[in-house]
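Working notes, structure below.
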Amino acid sequence: MDNTTWVANDTGQSDFILLGIFGQSKHPTLLWVVIFVLLLTALSGNTILIFLIYSDAHLHTPMYFFISQLSLMDMMYISVTVPKMLMDQVIGVNNISAPKCGMQMFLYVTLGGSECFLLAAMAYDRYVAICYPFHYPILMNHKVCILLAFGCWFLGSLDGFMLTSVTMTLAFCKSQEIHHFFCEVPAVMKLSCSDTSLYETLIYLCCVLMLLIPLTVISSSYFFILLTIYRMNSAKGRKKALTTCTSHMTVVILFYGAGIYNYMLPSSYHTPEKDMMASVFYTILTPVLNPLIYSLRNKDVTGAVKKMLNVGTVLQEAIK
């Protein structure tokens, strides 16, 4: 029996209804415009960052390779949920079929899980670069970077497949109204009339592994990084290392903070409104802020931007 059939049998309809965040706002039109601008900012910012990294030879290093992967994930992450939400508000339709809900769930969980592991890989990269600079070219060669990136994507997709399979095979007979702006796992699971206690425990354990294992790697890496920075004799080197690490830690705090709230805190801390706000933070705001954090605080990236602008100016003058 396919997804559409069992949803139709259990709820009397074949579609879920996404209540979204616009109904919670006193100024939905203004909120729509703000989110649309954020979407364009995230897509353009991450696209420019990826272009700069792959076009400038000075940025062909492991650190920027991982940043380009992060930008790619962020572009996909915001594209999975926000465009449909904005389009639904325009056309006045907020339903989503069970197969599309499952696909959306799989994609956002996959991307979220992949980003968790990628942030750990980025922290490990900085640990090797700062603590073992002479061995860095060997320990973080191109092949190792590719394998780490592939591992992040693979583990994320494994997480997406498992959580989506568990959630979308439940029986739904309470209501088809999802108190969210996309098919978030906890929000969809609340609609089930089955005993979900075992599934909730399984999902909780999965999320603990997906969040705490990378977070442990990140914490350990930055602990040793800070020790190494403290022992540095060069004030310039200390400042450069601290600037890079501060950028990375800002991204980690933004992303993991919202993720831990949504998936690890007890249900007594949750309300549909709070859950949606936390989801806005890591599905919309983080993809917007990441390229700004990695460009405005990074001299290599700002230098690449200036070089690109200078080339553009020269070409314009040559055409004239």
Check your understanding: Somewhere in the stretch 250-263, is a residue in contact with a Phe, Trp or Tyr (Cβ under 7 Å, 6 or more places away or on another chain), in a helix (DSSP H, G or I) and hydroxyl-bearing (Ser, Thr, Tyr)?
Key -> no
Study note, to complete from the structure: Of the residues in the stretch 16-54, those that are of a type outside the set (A, V, I, L, M, F, W, C) and modelled with pLDDT of 85 or more number 9
Review point. Residues of the stretch 175-195 being open to solvent by 20 Å² or more (accessible area, probe 1.4 Å) and either over 30 Å from Ile253 (Cα atoms) or within 23 Å of the chain's Cα centre (by Cα) (or both), which ones?
Key: Ser175, Gln176, Glu177, His179, Pro186, Cys193, Ser194, Asp195
**Study point:** Pair list, Cβ < 7 Å and 6+ apart or interchain, from the stretch 46-61 residues that are more than 19 Å from Pro137 (Cβ to Cβ) to residues that are among the charged types (D, E, K, R) and open to solvent by less than 70 Å² (accessible area, probe 1.4 Å)
**Key:** Asn46/Asp74
Check your understanding: Are any of the residues in the stretch 153-174 touching a His at 6+ places or on another chain (Cβ under 8 Å), in a helix (DSSP H, G or I) and surrounded by 15 or more Cβ atoms within 10 Å (Cβ to Cβ)?
Key -> no
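The values are calculated or read from the model by the stated rules, or taken from the named source; none is laboratory data. Source: prediction; values computed, not measured. Cβ coordinates were reconstructed from backbone atoms using ideal geometry, including for glycine residues, and neighbour counts include every protein chain displayed. The protein model used for the area step is the full one, side chains on, heavy atoms only, and it has no ligands, DNA or RNA in it. Shrake-Rupley method; radii C 1.70, N 1.55, O 1.52, S 1.80 Å.
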